[in-house]
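Let me begin by presenting the structure, written as structure tokens, before commenting on it.
The values are calculated or read from the model by the stated rules, or taken from the named source; none is laboratory data. Not measured: the values here are computed from a predicted model. Note: ideal-geometry Cβ built from the backbone for every residue, glycine included; neighbour counts use all protein chains shown.
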Amino acid sequence: MTDVAITGVGVISCLGRGKAATLDSIRAGRSGIRRLQNIDASMLNCRIGGEIPADSFDEMTRGYDRFTELTLVAAAEAAQEAGYCSTAVDADRVGAIIGTGLGGCQTVDASYKRLYEQRATRLPPTVIASSMYNAAASAVSTIYGARGVSFGVVSACASSAHAIGLAAQAIRCGEVDVMFAGGADAPLVVGSIRAWEAMRVLAIDNEHPERACRPFSADRRGLVLAEGAAVFVLESFARASRRGAKIVGAIAGFGASSDAGHVTDPSPEGAARAMAVALHDARVSPTDIGYINAHGTGTLANDVSETRAVKQVFGDHAQQIPISSTKSMHGHAMGASGAIELACSLIAINGGLVPPTLNLERPDQACDLDYVAEGPRAARVAAFLSNSFGFGGLNAVLVVRTAESVPFGLRY
């Protein structure tokens, strides 16, 4: 079994467009959550979110639904960093797997408005192609000439972590040489926000949006919806070495599980199984993990459940591991969250620090681990865990080696 090299990273979120802007926000411990500007939020109770400014897109992304636009922005940065050239690869051995929880929300919301408010009798012929869940994967495949295994993944908030894990497996088994993998979601439309309001899990603080998301805090109120995308270029180490590529990290392990229980109430046992499988797949011990990027939604149920799961897997070592929820900074981007969080973690750690958990001023007594509450912390980390746990009880965990450690122990 071999690790899978990460040679390109691209990210866009409310923290900024690109790796440099993301690292600047993490270093500053700055939240990107703000009052919504891109939509008319006057009819909503929750008027905040992790919104990306409307001027963050290029000519190349126009004509797509917003979640595909976000994907293409992230993919372009990843491809550039990886030095990807479609004429230098066998197109049949390049693929794209992109996860999303909600797909083309913007297209669907606009279509329903035309039908039910404006009483339109016809819709644009592009509605289906723009809103389908595999639209982003198809766009990446088309633009980068990827004729190998390509599809969309839908598993709620675990979608992009599943996508990255599956892409790594495709390279490991020799099916492809290069994969574009990640996720995107753009749920900041009126219909979607209204649906989340109905669940009563949103943190609503319209006056102080940057303080609304408070994972692991005793006074946490819930999650904050966000949009964004992150895409990685993955390839075999053999190929990356042959072409002299810069390796920024490695996917070392992937674990997945299902709670097979309540659709919205998370199970510590299910999350723990996914973590244990990921560690086994990576052939590392719990003490080899130097950081955990938590799912950390800021809801009452998730944060306690995840704390229990970490203790089950890591035992006494759990108290020694820095853990943070970057959702406190960029909000919950649904199916894109796993990819965005992996990108934030890798970017920060390669920059010499671990990200903070913002707004954690009064920890919940049931959340008693080291949640990096004081701000970004200087650290050297060889391997970390990234947790993603979705509604429906679908869990995905990635073990990632950082740039510092990838030259060593690549083969087992």
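Of the candidates Gly183, Gly148, the single residue that is assigned by TED's automatic domain parsing to the domain that holds Gly32, touching a Gly at 6+ places or on another chain (Cβ under 6 Å) and part of a strand (DSSP E or B) is Gly183. Among all positions in segment 327-336, there is no residue which is in contact with a strand residue (DSSP E or B) (Cβ under 8 Å, 6 or more places away or on another chain), farther than 20 Å from Ala229 by Cα, in contact (Cβ under 8 Å) with a residue 24 or more places away in the chain and not in a strand (DSSP E or B).
Confirm whether Val284 is over 21 Å from Ile33 (Cβ atoms) and either in a helix (DSSP H, G or I) or of a type in the set (Gly, Ala, Ser) (or both). No. In a residue-by-residue description of segment 376-395, the property of being surrounded by fewer than 20 Cβ atoms within 10 Å (Cβ to Cβ) and out of contact with any strand residue (DSSP E or B) (no Cβ under 9 Å at 6 or more places or on another chain) applies to no position. With Gly32, Gly10, Gly103, Gly49 as the choices, which residue is assigned to a loop (DSSP other than H, G, I, E, B), at pLDDT 95 or above and surrounded by 24 or more Cβ atoms within 10 Å (Cβ to Cβ)? From the options Gly32, Gly10, Gly103, Gly49, the qualifying one is Gly103. Among residues of segment 231-246 being among the charged types (D, E, K, R) and under 24 Å from the mean Cα position of the chain (by Cα), the one that is farthest from Thr87 (Cα to Cα) is Lys246.
Take segment 243-278 and flag every residue that is surrounded by 23 or more Cβ atoms within 10 Å (Cβ to Cβ) and not small (Gly, Ala, Ser). Of everything in segment 243-278, those that are surrounded by 23 or more Cβ atoms within 10 Å (Cβ to Cβ) and not small (Gly, Ala, Ser) turn out to be Ile251, Phe254, Pro266, Met275.
From the list Val108, Val176, Val140, which one is surrounded by 18 or more Cβ atoms within 10 Å (Cβ to Cβ), of a type in the set (Val, Ile, Thr) and part of a loop (DSSP other than H, G, I, E, B)?
Val176
No other residue among Arg114, Arg93 is closer than 30 Å to Val178 by Cβ and surrounded by fewer than 24 Cβ atoms within 10 Å (Cβ to Cβ) apart from Arg93.
Being more than 27 Å from Thr264 (Cβ to Cβ) and either outside any loop (DSSP other than H, G, I, E, B) or outside the structural domain of Ser160 (by TED's automatic domain parsing) (or both) holds for only one residue in Asp368, Asp316, and it is Asp316.
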